[in-house]
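Beneath this line is the structure, given in structure tokens, with notes to follow.
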Amino acid sequence: MSAANAVIEAMPADRLRAMVGRRLRHVVRSAYREVPFYRWYYDRLGFDPDGVASVDDLARIPTVTKRDLLEFQAGRPVAGERDPSLRQIHLTSGTSGVGRESHPRYAEDLEAVGIGGAYEFLWAGLVPGERLLLTIPYSQTMAGPHFQATCKAAGLVPVNAFATGTTERVAQLYRFACAGLSATPSYVHALTLEARRQGRRPDRDLPSFRRIFVSGESYGTEWAREVEAYWGARVHEGWGATQTLGVVMASCELGAVVDGPYGPARGVLHGLDHRCVIEVLAADGSPVGPGDAGEIVVTTLRTRGLPSVRFRMGDRVRRLGTGSCRCGRTSSCFEAGTIGRLDDMIKIRGMNVWPSSVDAAVLQGAVVDYRGRVFTGGDGRERVEVGVELADPSAWSDEFVTGVRDRIKALAGVSMDVVQLPSGTLREEGFKSRRWRDERASRR
Amino acid sequence: MPPGGDRGAGTAGRPAPPPGTGTTAVAATTSPGVADLQQQVTALVLGTRSLAESVDACGVPMPIVALLAERARAVVDELAWELGVDAGAPDGDVGPAG
């Protein structure tokens with residue numbers, strides 16, 4: 001095991017639980033006392049935070065949703081009136097489509113924000129002084145400050161490639177002899193296609209490069225293995241959000257994709273249980289068991305400005321049993337590569353279809369990207385069409401189409417038509433790709 | 001060997017990682033050395049709190065110093081947490097958590 005902090009990672013479970021419980025009590029009480037949103041929210045619900053004594057009382061605490069925060073913040077100044085202790089304001093990205101709430105940050109938050117990501121990078125084996133290419137845009141969201149703080153906390157040198165294009169970013173990997181890069185899976189795919197177009201062979205001509213850190217989207221295991229082979233690097237994953245003050249789950253030294261009995265298999269994301277209480281709840285609010293999927297609900301233990309106390313993330317993850325990973329860590333475990341939005345699920349012909357399953361079937365080889373469309377055909381029946389753009393349009397063939405259709409059917413359980421999109425149809429999206437549209441007559 | 005598995009760290013020409021960034025997991029929580037560290041960081045927490053209060057009470061205009069003291073306190077609180085010491089206990093006590 002490659003420890004980033006053996007004091008925490010080897011802490012006996014009962015000590016960790018007591019540590020977390022004591023902190024939870026403090027978080028809930030100080031949130032009510034100091035954070036206007038929680039005073040408003042708990043008063044409205046008649047909830048008394050003094051009743052929270054330990055982790056055993058977690059389920060008694062009301063959950064919070066994005067809509068609750070947005071309701072409170074509507075009509076109020078962003079992050080409240082002038083506060084001399086305020087140091088940053090982070091807006092959420094808005095990719096959920098519901099709205100963008102603001103998160104005030106104080107000095108304590110700015111010191112805490114990079115720690116989780118440092119665990120991810122150090123677990124992956126990067127060492128201080130190595131260079132990491134950053135691609136996720138620097139704006140009013142937490143992403144920019146988060147990645148800078150994470151590099152600082154891990155002793156890494158950030159190569160800030162926000163303001164440049166894909167061609168130059170590939171060049172910067174070489175110019176700065178980067179050890180790794182951080183991007184969404186969609187963007188890693190775009191970088192890979194560009195590097196191939198440039199004739200690069202990073203597995204041979206970029207010896208410093210060895211780690212790819214993905215976040216923000218699900219991805220297929222075969223895609224990940226293709227990327228690993230091309231770049232000569234291992235894929236790792238971290239999960240976190242504005243509401244969690246950065247990464248709170250990350251893959252270990254084994255990576256996000258491991259060798260399974262039948263080929264590449266999902267790796268494990270380890271919870272940073274001393275920094276965030278991560279629940280996975282079924283639709284009825286009960287905790288799911290090992291092997292089952294549910295909604296991620298988070299309670300941050302190191303946030304001062306706007307802590308998340310049982311915040312429902314709207315993301316879905318599969319919980320694994322404690323100790324599921326061969327690394328031997330005893331923290332909470334979650335399946336890597338499959339975290340997706342709960343509201344991304346599409347019902348097609350009575351089947352629950354997760355776009356991530358179509359991603360895994362389509363996004364391989366020379367596929368640039370795809371767009372999915374569910375619509376009502378002329379005969380009134382539901383039709384599903386997947387439009388695919390290839391890096392080399394001349395590679396389109398009946399064999400290719402059959403292969404994609406068969407994989408979609410196997411992974412998503414639904415038959416879909418596969419059509420070709422002309423080159424350049426799909427705009428390069430550097431952040432999270434939104435690939436699906438539902439145009440069924442019944443949705444109007 | 002997984003891709004990128006043995007590239008980089010430890011190869012000839014690469015500087016050794018700083019102390020504390022090693023790769024051996026031990027039963028560190030109960031190590032006497034860790035207990036010493038926890039005592040040291042507890043003293044640091046109390047020291048940075050005291051410093052911040054003193055700067056506020058000093059009466060000399062020095063916002064740059066005050067802001068540095070604020071950051072020092074925040075860093076030390078995080079350092080303490082990562083060593084298993086809770087500097088934010090509601091009763092003001094600082095000590096090994098759990």
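The values are calculated or read from the model by the stated rules, or taken from the named source; none is laboratory data. What you are looking at is a predicted structure, and each value in this text was computed from that prediction instead of being measured. So basically every Cβ, Gly included, is an ideal-geometry build from the backbone, and we count neighbours across all protein chains shown.
Among the residues of the stretch A:1-11, write down those that are facing chain B (nearest Cβ under 7 Å) and outside any helix (DSSP H, G or I). Hits for the stretch A:1-11 are A:Met1, A:Ser2, A:Ala3, A:Asn5, A:Ala10, A:Met11.
A single member of A:Arg131, A:Arg87 is within 14 Å of another protein chain (Cβ to nearest Cβ) and within 21 Å of A:Arg169 (Cβ to Cβ), and it is A:Arg131. All of A:Arg33, A:Arg82 fail the test of being surrounded by fewer than 15 Cβ atoms within 10 Å (Cβ to Cβ), more than 14 Å from chain B (Cβ to nearest Cβ), free of Cβ contacts under 8 Å to residues at least 60 places away in the same chain and of a type in the set (Lys, Arg), apart from A:Arg82. Inspection of the stretch A:291-310 finds a residue satisfying the criterion of being of a type in the set (Asp, Glu), within 16 Å of A:Thr338 (Cβ to Cβ) and in a loop (DSSP other than H, G, I, E, B).
Of all residues in the stretch A:267-297, those satisfying the criterion of being within 15 Å of the chain's Cα centre (by Cα) and within 28 Å of A:Ala233 (Cβ to Cβ) are A:Gly267, A:Val268, A:Leu269, A:His270, A:Gly271, A:Leu272, A:Ile278, A:Ile296. Restricting attention to the stretch A:380-417, and to residues there that are over 19 Å from A:Lys347 (Cα atoms), free of Cβ contacts under 8 Å to residues at least 40 places away in the same chain and in a loop (DSSP other than H, G, I, E, B), which single residue is nearest to the chain's Cα centre (by Cα)? Out of the qualifying residues, it is A:Asp392.
Among the conditions (1) within 12 Å of chain B (Cβ to nearest Cβ); (2) over 30 Å from A:Gly94 (Cβ atoms); (3) surrounded by 13 or more Cβ atoms within 10 Å (Cβ to Cβ), A:Asp14 misses just one, which is (3).
Taking the stretch A:1-21 as the range and being over 30 Å from A:Gly155 (Cβ atoms) and either touching a residue at least 40 places away in the same chain (Cβ under 8 Å) or more than 28 Å from the chain's Cα centre (by Cα) (or both) as the test, the residues that pass are A:Asp14, A:Ala18.
Quick check on this structure: which one of A:Glu226, A:Glu222, A:Glu253 is within 9 Å of chain B (Cβ to nearest Cβ) and outside any strand (DSSP E or B)?
Working: A:Glu226 fails: within 9 Å of chain B (Cβ to nearest Cβ); A:Glu222 fails: within 9 Å of chain B (Cβ to nearest Cβ).
Exactly one residue qualifies, and that residue is A:Glu253.
Selection of the stretch A:17-30 for residues being surrounded by fewer than 20 Cβ atoms within 10 Å (Cβ to Cβ) and more than 10 Å from chain B (Cβ to nearest Cβ) yields an empty set. Here A:Ala79 fulfils each of the conditions (1) of a type outside the set (S, T, N, Q); (2) modelled with pLDDT of 95 or more; (3) part of a loop (DSSP other than H, G, I, E, B); (4) in contact with a strand residue (DSSP E or B) (Cβ under 6 Å, 6 or more places away or on another chain) apart from (2). Scanning the stretch A:286-339 for residues that are over 30 Å from A:His90 (Cα atoms) and of a type in the set (D, E, K, R) yields A:Asp292, A:Arg326, A:Arg329. Among the criteria (1) within 14 Å of another protein chain (Cβ to nearest Cβ); (2) out of contact with any Pro (no Cβ under 6 Å at 6 or more places or on another chain); (3) part of a loop (DSSP other than H, G, I, E, B), the one A:Val98 does not fulfil is (1). When we screen A:Val288, A:Val298 for residues that are under 20 Å from A:Val268 (Cβ atoms), touching a helix residue (DSSP H, G or I) at 6+ places or on another chain (Cβ under 6 Å) and at pLDDT 95 or above, the only hit is A:Val298.
Name the residue, out of A:Thr167, A:Thr141, that is surrounded by fewer than 16 Cβ atoms within 10 Å (Cβ to Cβ) and among the β-branched types (Val, Ile, Thr). Lay out the reasoning, then the answer.
On the way: A:Thr141 fails: surrounded by fewer than 16 Cβ atoms within 10 Å (Cβ to Cβ).
Within the list A:Thr167, A:Thr141, the selection yields A:Thr167.
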